[in-house]
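Undergrad: A single structure is presented below for examination.
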Amino acid sequence: MDAVILAGGFAKRMWPLTKDRPKHLLEVAGRPMLSYTLDPLLEMDVVKNIYVSTNQAFSDHFRDFLSEGYDGKKVSLVVEPTESEGEKLGSIGGLNYLIEKEGIDTDCFVIGGDNLFEFHPSEAQNSFRRHGCDLVAVYDVGSRSMASLYGIVDVDESGRILHFLEKPKDPPSTLAATAFYIFRRETVRMVSRYIDEGGKRDALGHFIRYIVEDHEVRAWPFEGVWFDIGSLDSYREASEFFGR
């Protein structure tokens, strides 16, 4: 199987810190943020290729990062033809660009490069192999009021996702979908069809909503911490946690 790490955003909400450098390479407790995702994937023999997707504006930063610590390893950089926020392809648009450019046709991890987890991706992969269907890592945010701030999954007793709702006013659960997915080969092939049918390209939650209508997608709940680093506050919290 392959792995895709999405790192194509411009992080305008974190300016001026990220105005001239990518958020995904900011240091968290002395390590570039991206290394927290790359390193455990490199430990997995089942992962044959790792692709880091970014934009043209920050491509040199990522080339330098990969050449310094990951040269000769199974990591490739894929650069979207975008130079600014207004040109960006969106998470699904960028994923589709990478799939087509690299000819990916296998089961695949898809992970947001600005999400930090305590679990090892092999734990999720074990569940994926056991159930044989698409997987979304979910985190219990603990309350309905907090759930209204996230993309929330509604699941049945077996853990199958019935619905995906973006920031619902009346959330059916407190399980938030995180930017960690494992897609079957057949689902990877569906990304281009979704784009061709005019699906929204900005967030992967739209694609999850699309596939749960006709396919089995399971929620994989994990424990520990989850940081979705989209603000200076969340960046500071993650740095403090991993620094301890």
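None of the figures in this text is laboratory data; all of them are computed from the coordinates on show. Just so we're clear, the structure is a prediction, and the values are computed from it rather than from any experiment. Don't worry about glycine lacking a Cβ; one is built from the backbone with ideal geometry, like all the others, and counts go over all protein chains shown.
Undergrad: Return the distance in nm (one decimal) between the two label points of a simple spin-label model at Val225 and Asp140, each offset 7 Å from Cα along Cα→Cβ.
TA: Output for this residue pair reads 2.0 nm.
Undergrad: Kindly identify the range 1-105 as rounded, prolate or oblate by the Cα gyration tensor criterion: order the square roots of the eigenvalues as a ≥ b ≥ c, call it rounded if a/c is under 1.5, otherwise compare a/b with b/c, prolate if a/b is larger, else oblate.
TA: Oblate shape, in that a/c is at least 1.5 and b/c is the bigger or equal ratio.
Undergrad: Provide, as a two-decimal number, the C-alpha radius of gyration of the range 112-244 over 2.2 N^0.38 Å, N being how many residues it has.
TA: 1.06
Undergrad: Between Glu123 and Glu102, what is the label-point separation in nm under the 7 Å Cα-to-beta-carbon projection?
TA: With each label point 7 Å from Cα toward Cβ, the separation is 2.5 nm.
Undergrad: Kindly flag which residue pairs out of Lys88/Lys169; Lys23/Lys73; Lys23/Lys88; Lys19/Lys88; Lys73/Lys101; Lys12/Lys74 have an alpha-carbon separation exceeding 26 Å in this structure.
TA: Result: Lys88/Lys169; Lys12/Lys74 exceed 26 Å.
Undergrad: For the range 72-130, what size does the Cα cloud have along each of its three principal axes, sorted from largest down, in whole Å?
TA: 39, 26, 26
Undergrad: Something else: Once fully extended, how much extra length lies between Leu162 and Gln56, figured as 0.36 nm per residue of separation less the alpha-carbon to alpha-carbon distance?
TA: Result: 34.4 nm gained on full extension.
Undergrad: Give me the distance in nm between label points sitting 7 Å out from Cα along the Cα-to-Cβ direction at Lys169 and Glu213, one decimal.
TA: 2.4
Undergrad: Over the chain, calculate the relative contact order: mean separation of alpha carbon pairs under 8 Å at least 6 apart, over the residue count, as a percent.
TA: In percent, rounded to a whole number, it is 24.
Undergrad: Taking just the C-alpha trace of the chain, give me its Rg and Dmax in Å.
TA: 17.0, 49
Undergrad: So how do 87-93, 193-199 stack up, highest first, on mean other-Cβ count within 10 Å?
TA: Descending packing order for the listed peptides: 87-93, 193-199.
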